[in-house]
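Structure record follows, encoded as structure tokens.
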Amino acid sequence: MCYIISLIELFFKQKKPEISGYNILCIAPRRGTKKEGKMKVVHTADWHLGKRLENKSRLVEQRAALDELNELCDREKADIVLVAGDVFDTAVPPAEAEELFFTAVTRLAKKRPVVVIAGNHDDP
């Protein structure tokens, strides 16, 4: 937990974290000043984008869930989003799943930093 708090503090100071041994994707909008007071963190994990169930693609449902996540972050005025692993269901996800991921993260990052940490299903 201390590791995440330190990483969040680095983002609001607009410094690039130098962390060896971890694969972290950081997409943050430019901010002029550090926010004071409480910070709203949206923590999510295990998206498993690209997962198929009984040979049926779940991308339509996954897109709807990510749209809902974006709406929640906007409505609650989240300061940062943390995605803690297993973004994809396999180490080699389909192109459509990768496109969905980058579209969703880019959309989320327009208003707040997004931190993504690779999980055991992901290929950092």
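Each reported figure results from applying straightforward, stated rules to the coordinates on display, with no laboratory input. Quick caveat, the model's predicted, so the values are computed rather than measured. FYI the Cβ positions are ideal-geometry reconstructions off the backbone, even for glycines, and counts take in every protein chain you see.
Using a cut-off of 14 Å between beta-carbons, work out the net charge of the residues near R52 (Lys and Arg +1, Asp and Glu -1, R52 not included).
Residues close to R52 contribute a combined charge of -1.
Based on the Cβ-Cβ distance of T106 and R52, what FRET efficiency does E = 1/(1 + (r/R0)^6) give at R0 = 22 Å, to the nearest 0.05?
Efficiency, rounded to the nearest 0.05: 0.35.
Stretch V60-T90 to full length: gain in nm at 0.36 nm per residue minus the Cα-Cα span?
Contour length minus the Cα-Cα distance gives 9.0 nm.
HN-Hα J couplings of the stretch 44-59 from phi, Karplus 6.51/-1.76/1.60, θ = phi - 60°, integer Hz, Gly and Pro as x?
9, 6, 6, 5, 6, 4, x, 5, 10, 10, 6, 6, 10, 5, 9, 4
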